1. If you fit an axis through the alpha-carbon atoms of helix 30-39 and take the longest principal axis of the Cα set of the chain, what angle between them do you get, 0 to 90°, nearest 10?
2. Using a simple spin-label model with points 7 Å from Cα along the Cα→Cβ vector, what separation in nm is obtained for residue 30 and residue 99?
3. Roughly speaking, what % of Cα-Cα pairs in the chain are separated by over 21 Å, rounded to a whole number?
4. Quick check: the angle from helix 13-25's long axis to the longest principal axis of the chain, C-alpha only, nearest 10 degrees?
5. Quick check: the angle from helix 63-72's long axis to the longest principal axis of the chain, C-alpha only, nearest 10 degrees?
6. Cα gyration tensor of the stretch 19-61, axes a ≥ b ≥ c as square roots of the eigenvalues: rounded (a/c below 1.5), prolate (a/b > b/c) or oblate?
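Bear in mind that the values in this text are calculations on the coordinates, not laboratory data. On a predicted model such as this, the values are computed, not experimentally measured, just so you know. Here the Cβ positions follow ideal geometry from the backbone for every residue, glycine too, while neighbour counts run over all protein chains shown.
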């Protein structure tokens, strides 16, 4: 656990995202704040990796933050990735409604 917590603060975006994903599976309470911090990181590659982790984990409580990124991030690549996450969530919700309504 301490090793994962250390890696959740790594300077390498993929290592950091994977550590946060692992912490979330272990139900560690600091994983959500670590992911939020990563979504707000000044480095674009960290924000993209955070969006990947969020998509993998499925923490849709952070969709407001994803929406903010999709709308106003300085990096076009990050905005596009965030928009892709939002579209994916919308498709999942639509599929769920169709399944429940059927």
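1. 80
2. 3.4
3. Tail of P(r) above 21 Å: 34 percent of Cα pairs.
4. 70
5. Helix 63-72 and the main axis of the chain meet at about 90 degrees.
6. prolate
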